[in-house]
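Undergrad: Pasting in a structure now, in structure tokens, and then I'll have a few things to ask.
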Amino acid sequence: MLAQEIIRAKRDGQALNEAQINHFVRGLVDNSWSEGQVAALGMAVFLRGMGRDEAVLLTRAMMNSGRVMRWPGMPGPVLDKHSSGGVGDKVSLMLAPMVAACGGYVPMIAGRGLGHTGGTVDKLEAIPGYTTTPDPARFDQLVRSLGCAIIGQTADLAPADKRFYATRDVTATVESVPLITASILSKKLAAGLEGLAMDIKCGNGAFAATPEFARELAESIVAVAGGAGLRTRALITDMNQILGTDVGNALEIWETLRYLKGDGPREARLHEVTLALCAEMLVLGRLAADTTAARVKLQAALDSGAAAEKFAQMVAALGGPADLLDRPAQYLAAAPVVKPVPAPRAGVLQAMATRDLGVLIVELGGGRRKAGDAIDMRVGFSAVRPVGTRFAAGEPLAMVHAADEASADRAVASYLAACTLGDADVAASPMVMAEVV
């Protein structure tokens, strides 16, 4: 079988069969397909598309390209959640211990920041000593004993996807629904899951900028996952503004701790999407009869401190400080310069250019301009006020945390430029825009 004939078939709009797809995936792993051939097939799929059956075959082949985790003898359901990425999205950090406190087992293999979106692994590495790369036996033991562990992707998990994605990233073929679907699900299936909740972010701070694209992606993921034997529910959630009150690696750990401990009110939008996704996971795992019953269990796990304790145990077991919940200021690095973003006039915050604010975090040093860049864990925004807030002149829209005065001043100006103030009140948009089951 020749690579060029497989490329030709897809170029001409034909559906690829299992043998052709397996040949391609093997070529990704053993390098028998050149970069040019990988890029050509990626472009052919981008332009010609893939049917559902093809996407299932590609997903399964990439899943089986490396190690596939198994969880024999697990006393409860093995569940996970995946987000398509947003600004201030720290939901995974709360979700894993909350679900674990309700009887689920969450082997979460998370990613690093990508473009303007923050990464769960980067956030956890703001905790001194926390290791995101335990060996497989230790990961297995932690999930079984604690109910959850959040780590980074290992090289032996769906290695075909890693190479294919790297090529797509530099050949303008990332925005293909079947290829996004296969990329996400190959890694989740390799984690040995029994149920998956998908969070498809939609809006000006999301990869899926329009409701139409978000729904197409959600429906594709649910259908392909089902075809591959993984029960999946997808929520389409709003990303037209920052999620939560804090953005930036150490700052998002601070917000996570406050949320889990109940120190002050939980930001309404963040609380709603976290509960909604957790509830879907409990229903998938048959730990609750419906989402209403699931929410009751989840709120009890928060109110009792059980979820916070799970998080504390996970942090300590993975090398972080045992008393992080009690003494976060001793461990989480703080920026030397903190400045308000003053409202230039009285009015209502009517919109945020959320992607621009995510890029601003990168410019402050809180993300990577290129692979291998060091991250400044201290920088970001706190006390972020949501769209619809009415301000007096000079009242802070947020607080900027920066490494020096000059970068703080630039960030204040850029934050203001990303915000639209007007006089009319703005109706609150629903956090969960749609559900795909």
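Undergrad: Between Glu5 and Thr389, what FRET efficiency comes out of the Förster formula 1/(1 + (r/R0)^6) with R0 = 41 Å and r the beta carbon distance, rounded to 0.05?
TA: With R0 = 41 Å, the Cβ-Cβ based efficiency is 0.10.
Undergrad: Still on this structure: What per residue convex hull volume, in Å³, do the alpha-carbon atoms of segment 28-167 yield?
TA: Output value, Cα hull per residue: 148 Å³.
Undergrad: Build a GNM of the chain with springs between Cα atoms under 10 Å: which of Gly365, Gly244, Gly27 gets the top mean-square fluctuation?
TA: Highest fluctuation among the options: Gly27.
Undergrad: Need one word for segment 1-64: rounded, prolate or oblate. Basis is the Cα gyration tensor (sqrt eigenvalues a ≥ b ≥ c); a/c below 1.5 gives rounded, then a/b vs b/c decides.
TA: Since a/c reaches 1.5 but b/c is at least a/b, the shape of segment 1-64 is classed as oblate.
Undergrad: Right, next: Would you mind getting the accessible area per residue of segment 223-278, heavy atoms of the protein chains only, 1.4 Å probe, in Å²?
TA: The answer is 26 Å² per residue.
Undergrad: Let me ask something else about it. Which whole-Hz couplings ³J(HN,Hα) result when phi for each residue of segment 375-388 is put into the Karplus expression 6.51 cos²θ - 1.76 cosθ + 1.60, θ = phi - 60°, listed in order with x for Gly and Pro?
TA: Per-residue couplings from phi come out as 10, 8, 5, 7, 8, x, 10, 10, 6, 5, 8, x, 4, x Hz.
Undergrad: Here is a further query. How large, in percent, is the carbon and sulfur part of the accessible surface of segment 259-412 at a probe radius of 1.4 Å?
TA: Accessible surface attributable to carbon and sulfur in segment 259-412 totals 55 percent.
Undergrad: Please report, in debye to the nearest 20, how large the charge dipole of segment 201-279 is about its Cα centre when each Lys and Arg carries +1 at its beta carbon and each Asp and Glu carries -1 there.
TA: So the dipole magnitude of segment 201-279 works out to roughly 240 debye.
Undergrad: Among Ala307, Ala333, Val436, whose Cα projects farthest towards the positive end of the dipole of segment 291-437, with charges put on the beta-carbon of Lys, Arg (+1) and Asp, Glu (-1)?
TA: Result: Val436, furthest along the dipole toward the positive end.
Undergrad: With volume of the Cα convex hull per residue in Å³ defined as stated, name the option among (i) 231; (ii) 136; (iii) 174 computed from the structure displayed.
TA: It is the value labelled (ii).
Undergrad: Mind listing the phi-derived Karplus ³J(HN,Hα) values for segment 275-280, rounded to whole Hz, using 6.51, -1.76 and 1.60 with θ = phi - 60°, and x for any glycine or proline?
TA: The phi angles translate into 4, 4, 5, 4, 4, 4 Hz.
Undergrad: Collect residues whose amide H, placed 1.01 Å from N in the peptide plane, falls under 5 Å from the amide H of Ala149; neighbours closer than 5 in sequence don't count.
TA: Residues meeting the criterion, in which the H sits 1.01 Å from N, are Val106, Met108.
Undergrad: List, in order, the whole-Hz ³J(HN,Hα) value for each residue of segment 312-320 obtained from phi through the Karplus relation with A = 6.51, B = -1.76, C = 1.60 and θ = phi - 60°; use x for Gly and Pro.
TA: Karplus values, whole Hz, x for Gly and Pro: 4, 5, 4, 4, 5, 5, 9, x, x.
Undergrad: Calculate, in whole percent, how much of the Cα-Cα pair population of segment 219-344 lies beyond 22 Å.
TA: Value for segment 219-344: 51 percent of Cα pairs lie more than 22 Å apart.
Undergrad: In addition: Under the Kirkwood approximation applied to all pairs of distinct alpha-carbon atoms, what is the hydrodynamic radius of segment 16-108 in Å?
TA: With all distinct Cα pairs of segment 16-108 included, I get 16.4 Å.
Undergrad: Also, quick follow-up: Only Cα pairs under 8 Å and at least 6 apart count here; give the relative contact order of the chain as a rounded whole percent.
TA: This gives 19 percent for the chain.
Undergrad: How big is the antiparallel share of DSSP beta bridges in the chain, given as a percent to the nearest 5?
TA: 50
Undergrad: A follow-up question, please. If I take R0 = 51 Å and measure r between the Cβ atoms of Ala15 and Ser429 in this structure, what FRET efficiency does the formula 1/(1 + (r/R0)^6) give, to the nearest 0.05?
TA: Step by step, r from the Cβ atoms, then E = 0.85.
Undergrad: While we're looking at this one, here's another question. Would you grab the residues whose amide H sits under 5 Å from the one on Ala351? Only those 5+ places off in sequence or on another chain, please, with H modelled 1.01 Å from N.
TA: Hits under the 5 Å cutoff: Thr420.
Undergrad: Now for a separate question. Based on C-alpha coordinates, I'd like the Rg and Dmax of segment 141-257, in Å.
TA: 15.9, 43
The values are calculated or read from the model by the stated rules, or taken from the named source; none is laboratory data. This structure is a prediction, so every number in the text was calculated from the model and none was measured. Cβ sites come from the backbone with ideal geometry, for glycine too, and all protein chains shown count toward neighbours. Note: areas computed on protein heavy atoms with side chains; ligands, DNA, RNA excluded. Shrake-Rupley method; radii C 1.70, N 1.55, O 1.52, S 1.80 Å.
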